[in-house]
Amino acid sequence: MVDLALEGGTLVTPDGAAPTHLYIDGGRVAAVSTQRVSARQTLDVTGLYLLPGMVDAHVHFMDPGAPEREDFISGSSAAATGGVTTVIEHTHAHPIYDAQDLRAKANYLRGRSLVDFGLAAHVRADRLEAIPEVWAAGALYLKAFTCTTHGITGLLPPDLLQAFRTIAAAGGICLVHCEDEGITAAAERALREAGRADFGVIPLWRSREAEWVAVSTVALLARLTGARVVIAHASNAQTVDLALRERQAGGAVWVESCPHYFYLREDEVLTLGPFRKFTPPARARTASDVDEMWARLRRGDIAYIATDHAPATRAQKEAGDIWHVHFGLPGVETTLAMLLTAVNEGHLALSRLVQVTSEMPARLYGLYPRKGTLQVGADADVVLVDLTKERTLRDADVVSKAGWTPYAGRRVRGQVVATFVRGQQVAADGRPTGSPGWGQWLTRVPAPAPAPTR
Ligand SMILES: [Zn+2]
């Protein structure tokens, strides 16, 4: 007799979707079968899809660091509500450099998360010796910047070269924010000298050229050093293609992107200012720009989708001029709804959705097959989805401390009905139901399976 049966639903895997009962025992998947197994508790999930929970590899829960913007309880509550069962978190206001920092943060977070969480460390040019130890202690990736952003000092090419050599030698993986320091700094200088402080400075300051130069350099250095590198939040198709050029030449390079590069347009910043201030900024100008992103997501050029959840409240977004106000958008609770809508709109198959939201991030960051799949033996991190249910996204429903969403007013089709982490329900019908402390700190599984290149 197992603990819990989810009977009558349709199980989604990277190979497709099929009617399957799912059985959970001791927090793990005990059976996936068309035959019934007896269980202490049975839920009839007829008409619903069962997806492996989203593994959101790029979130900022600001705790410790900037808890007035978000904390781990509010952030993980938002995650659970949105169908995210694992997050990989890092906070720029409280960077992690060495093993001691990492363990202290993991300890602090005991009792503060509804969903399972991994932690990432930051790379500092003058602390490269800490990389092997923080990696060995269980940081799931190293985060580096090519430009000074969010108070974190950027790495110039000579620093990146050394950092990638160190990461390659340690067997680590690096997520890199790609905007060229020289180009962004020169643009900022010119705009400030011209007295500009209107919303139009954002796309000029954080230009396409700055992103393309940085991504080309980073991907090339990845190939030259053999380091495994993920390009963070690629904002447009050309960025993806520049990264792939080095992968085709033998580099271990993958590309991350985020919903805001599929759903928000470049010119929105001109009217919405701080509420569209994130970087790299939205680039899409036409429907065909967006179609090019969907094509790259479908064919695997974009390896996975993360939210880059970096919330600030409305008041925080309105404090100060456009130069000084926080970068970032909330997104951890809306991303799966947006992508399920994309499935309904024909942009991507449900089988591909589970790859880009769950399997690939779990594989890349060493969590697979504990996470990223609902095969027998995996953690029972299950999202029940009603693909036909529609709603309008509203600020009033936002669980994050942000209290708003850039997608307010949008109609979405496809809704998270309930979220389970290791067999325990942590959210239902748009509200968190779990307890802080249920979520566990995750380190890499023993001998993780290598990630495929697509
Ligand atoms: Zn980020």
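The values are calculated or read from the model by the stated rules, or taken from the named source; none is laboratory data. As the structure is a prediction and not an experimental result, all values here were calculated from the model. Virtual Cβ from ideal backbone geometry, glycine too; neighbours counted across all protein chains shown.
Determine which member of the set ALA66, ALA79, ALA99 is free of Cβ contacts under 8 Å to residues at least 40 places away in the same chain, among the small types (Gly, Ala, Ser) and within 16 Å of the ligand (Cβ to nearest atom). Walk me through how you get there before you give the answer.
Working: ALA79 fails: free of Cβ contacts under 8 Å to residues at least 40 places away in the same chain; ALA99 fails: within 16 Å of the ligand (Cβ to nearest atom).
Being free of Cβ contacts under 8 Å to residues at least 40 places away in the same chain, among the small types (Gly, Ala, Ser) and within 16 Å of the ligand (Cβ to nearest atom) holds for just one of ALA66, ALA79, ALA99, which is ALA66.
Annotation for region 285-295: no member residue is within 16 Å of the ligand (Cβ to nearest atom) and of a type outside the set (A, V, I, L, M). Could you figure out which of (1) within 19 Å of the chain's Cα centre (by Cα); (2) within 18 Å of VAL87 (Cα to Cα); (3) more than 16 Å from the ligand (Cβ to nearest atom) isn't true of TRP135? Going through (1) within 19 Å of the chain's Cα centre (by Cα); (2) within 18 Å of VAL87 (Cα to Cα); (3) more than 16 Å from the ligand (Cβ to nearest atom) one by one, TRP135 breaks only (1).
Taking region 120-136 as the range and being crowded, with 19+ Cβ neighbours inside 10 Å and in contact with a helix residue (DSSP H, G or I) (Cβ under 6 Å, 6 or more places away or on another chain) as the test, the residues that pass are ALA121, VAL123, ILE131, VAL134, TRP135. Contact map, region 117-137: first residue over 15 Å from LEU175 (Cα atoms), second residue among the polar types (S, T, N, Q) and surrounded by 22 or more Cβ atoms within 10 Å (Cβ to Cβ), Cβ cut-off under 8 Å, separation 6 or more or different chains; pairs are PHE117/SER76; PHE117/THR86.
Per-residue answers, yes or no, for (1) in the same structural domain as HIS150 (by TED's automatic domain parsing); (2) of a type in the set (Gly, Ala, Ser); (3) surrounded by 20 or more Cβ atoms within 10 Å (Cβ to Cβ); (4) assigned to a strand (DSSP E or B):
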{"residue": "GLY251", "(1), (2), (3), (4)": "yes, yes, yes, no"}
{"residue": "GLU266", "(1), (2), (3), (4)": "yes, no, no, no"}
{"residue": "VAL269", "(1), (2), (3), (4)": "yes, no, yes, no"}
{"residue": "ARG283", "(1), (2), (3), (4)": "yes, no, yes, no"}
{"residue": "ALA315", "(1), (2), (3), (4)": "yes, yes, no, no"}
{"residue": "HIS324", "(1), (2), (3), (4)": "yes, no, no, no"}
{"residue": "VAL332", "(1), (2), (3), (4)": "yes, no, yes, no"}
{"residue": "LEU336", "(1), (2), (3), (4)": "yes, no, yes, no"}
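Out of everything in region 385-404 that is crowded, with 22+ Cβ neighbours inside 10 Å and of a type outside the set (Gly, Ala, Ser), what residue ends up being farthest from the chain's Cα centre (by Cα)? Step through it out loud before you land on a result.
From region 385-404, those crowded, with 22+ Cβ neighbours inside 10 Å are 385, 399-402; that's our starting set.
Still in the running and of a type outside the set (Gly, Ala, Ser): 385, 399, 401.
Working: VAL385: 20, VAL399: 17, LYS401: 18 Å.
Among those that are crowded, with 22+ Cβ neighbours inside 10 Å and of a type outside the set (Gly, Ala, Ser), it is VAL385.
Total residues in region 8-26 satisfying the condition of being surrounded by fewer than 17 Cβ atoms within 10 Å (Cβ to Cβ), under 25 Å from the mean Cα position of the chain (by Cα) and among the small types (Gly, Ala, Ser): the figure is 1.
So which pairs qualify, if the first residue must be in region 167-180 and within 16 Å of the ligand (Cβ to nearest atom), the second must be outside any strand (DSSP E or B) and of a type in the set (Asp, Glu), the Cβ gap must be under 7 Å, and the two must be at least 6 apart or on different chains? Short answer, once both residue conditions are applied: CYS178/GLU211; GLU179/GLU211.
State whether the residues of region 161-173 include one that is outside any helix (DSSP H, G or I) and over 22 Å from TYR304 (Cβ atoms).
Step one: filter region 161-173 for residues outside any helix (DSSP H, G or I), giving 171-173.
Narrowing the set further to residues that are over 22 Å from TYR304 (Cβ atoms) leaves none.
No: zero hits.
Does LEU156 satisfy being under 25 Å from MET360 (Cα atoms) and touching an Asp or Glu at 6+ places or on another chain (Cβ under 7 Å)? For LEU156, the condition - under 25 Å from MET360 (Cα atoms) and touching an Asp or Glu at 6+ places or on another chain (Cβ under 7 Å) - is not met.
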